[in-house]
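Take a look at the structure set out below.
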Amino acid sequence: MINPRPSLSEITVFAPAKINVILRILDRRPDGFHNLWSIMQTVSLEDEVQIRLRPDRQDIQLRCDATHLAADRSNLVYRAAAEVLERTEQSIGLDIELRKRIPMGAGLGGGSSDAAATILGLNHLLQLKWSPEKMAEAGQLLGSDVPFFLFAPSAFVAGRGETVRPVDVEGERWVVLVNPGFGVNTKWAYQELAATRAAVTPLSPVHRELDRQSRMSWAHVVAAAENDFEAPVFAAHGKLREIKRNLLNYGAEIALLSGSGATVFGLFADEARARLAEAQFVNEKSMKVFVVPTCTGPLCWRENPPR
């Protein structure tokens, strides 16, 4: 295929973190994975994925400022780029620079967001005109959370993550993200959940009613907030339970584990209250604490001028 000659050759896409305001883990599927039901929300803690087309080459070169993250074929950004090029039969080189800010293995979906940002950036650079659904189809092969980010900022997510329905959550909230400095292995969390609960609890009437809505207030979401992973994860990591309790004591409307952890977040009505809560953790040297607003729009990008 002839190499494309798009007018734009470089782009930077901002990849936000996510929180699970509701996360229910349901029955096990025939493929061994679990069905989930979640309301996910992006927040303004962002990695940056900068992509530059190199028509003079046919390889992908990835650089990352996080030295402990592999910048090779195992990286989700590399895999996302390779998937797009394979699907479109493009013969073109790419220089990709990944700038990390989202903690890794933290329940915040950083790697999945980076992959989604890569797909979105290449869709724009290569003028593919893929719909969000088509981009999500490629992303689904890379990770369960990837499709969500292509429908952000707020969405119901079900199945393994492939079923995504955007929802309008009215208004804005401020979020305090408290990462304890250690991770929680997702596979272990699923195993512990399966071993410690007697049966799968079906969706509540409140959750079923929410699932029928396309627009809702934060008050409705807050009233239904829960995370099935909290019981087994908190049992093994008492520090996370303590973080949750402290966030609630400092005025959070809700405080929850995000994903399978280890980040715990508190939702606040305004920035001032969030900053007061943040101050309570400043002496915890092992922790990373971020105060950010919820996102109100989809992933965004900056078109970089030619060098």
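The values are calculated or read from the model by the stated rules, or taken from the named source; none is laboratory data. Quantities reported herein were computed from a predicted structural model and do not represent experimental measurements. We place every Cβ from the backbone using ideal geometry, glycine too, and count neighbours over all the protein chains shown.
Values as computed for the structure displayed
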read-out: Positions within the range 169-194 being within 16 Å of GLU284 (Cα to Cα) and either assigned to a strand (DSSP E or B) or not assigned by TED's automatic domain parsing to the domain that holds ASP211 (or both), in sequence order; value: VAL176, LEU177, VAL178, ASN179
read-out: Residue check for GLY161: at positive phi and surrounded by 19 or more Cβ atoms within 10 Å (Cβ to Cβ); value: yes
read-out: Residue within the range 77-96 that is among the hydrophobic types (A, V, I, L, M, F, W, C) and either assigned to a strand (DSSP E or B) or in the same structural domain as ARG212 (by TED's automatic domain parsing) (or both) present; value: yes
read-out: Where a residue in the range 217-236 is more than 23 Å from THR186 (Cβ to Cβ) and touching a residue at least 12 places away in the same chain (Cβ under 8 Å) and its partner, wherever it lies, is assigned to a helix (DSSP H, G or I) and not charged (D, E, K, R), with Cβ under 9 Å and at least six apart; value: VAL221/LEU210; ALA223/VAL206; ALA224/VAL206; ALA224/HIS207; ALA224/LEU210
read-out: One residue from ALA115, ALA106, ALA138, ALA155 being touching a Pro at 6+ places or on another chain (Cβ under 7 Å) and either among the small types (Gly, Ala, Ser) or not assigned by TED's automatic domain parsing to the domain that holds ALA17 (or both); value: ALA155
read-out: Residues that are within 19 Å of SER260 (Cβ to Cβ) and part of a helix (DSSP H, G or I), drawn from the range 195-206; value: ALA195, THR196
read-out: Selected residue (criterion: surrounded by the most Cβ atoms within 10 Å (Cβ to Cβ)) from residues of the range 207-256 that are aliphatic (A, V, I, L, M) and over 22 Å from GLU172 (Cβ atoms); value: ILE243
read-out: In the range 74-84, the residues that are of a type in the set (A, V, I, L, M, F, W, C) and touching a residue at least 24 places away in the same chain (Cβ under 8 Å); value: LEU76, VAL77, ALA80, ALA81, VAL84
read-out: Every pair of residues 6+ apart whose Cβ atoms lie under 7 Å, when the first sits in the range 122-141 and is surrounded by fewer than 15 Cβ atoms within 10 Å (Cβ to Cβ) while the second is outside any helix (DSSP H, G or I); value: GLN127/PRO6
read-out: Number of the exception - SER286 against (1) among the hydroxyl-bearing types (Ser, Thr, Tyr); (2) exposed (fewer than 15 other Cβ atoms within 10 Å of the Cβ); (3) in contact with a strand residue (DSSP E or B) (Cβ under 7 Å, 6 or more places away or on another chain); value: (3)
read-out: Qualifying residue in the range 54-73 (condition: in contact (Cβ under 8 Å) with a residue 40 or more places away in the chain and either more than 22 Å from ASN304 (Cα to Cα) or buried (at least 19 other Cβ atoms within 10 Å of the Cβ) (or both)); value: no
read-out: Any hit, the range 257-267, residues being farther than 24 Å from TRP37 by Cβ, of a type outside the set (Lys, Arg) and outside any helix (DSSP H, G or I); value: no
read-out: Meets criteria (touching a strand residue (DSSP E or B) at 6+ places or on another chain (Cβ under 6 Å), in a loop (DSSP other than H, G, I, E, B), among the small types (Gly, Ala, Ser) and not assigned by TED's automatic domain parsing to the domain that holds TRP218) for ALA71; value: yes
read-out: Members of the range 81-104 that are surrounded by fewer than 18 Cβ atoms within 10 Å (Cβ to Cβ) and among the small types (Gly, Ala, Ser); value: ALA82, SER91, GLY93
read-out: Leading residue by the ranking (farthest from ALA269 (Cα to Cα)) among those in the range 233-253 that are within 24 Å of the chain's Cα centre (by Cα) and assigned to a loop (DSSP other than H, G, I, E, B); value: HIS237
read-out: Residue tally, condition on the phi > 0 side of the Ramachandran plot and crowded, with 21+ Cβ neighbours inside 10 Å, over the range 31-53; value: 0
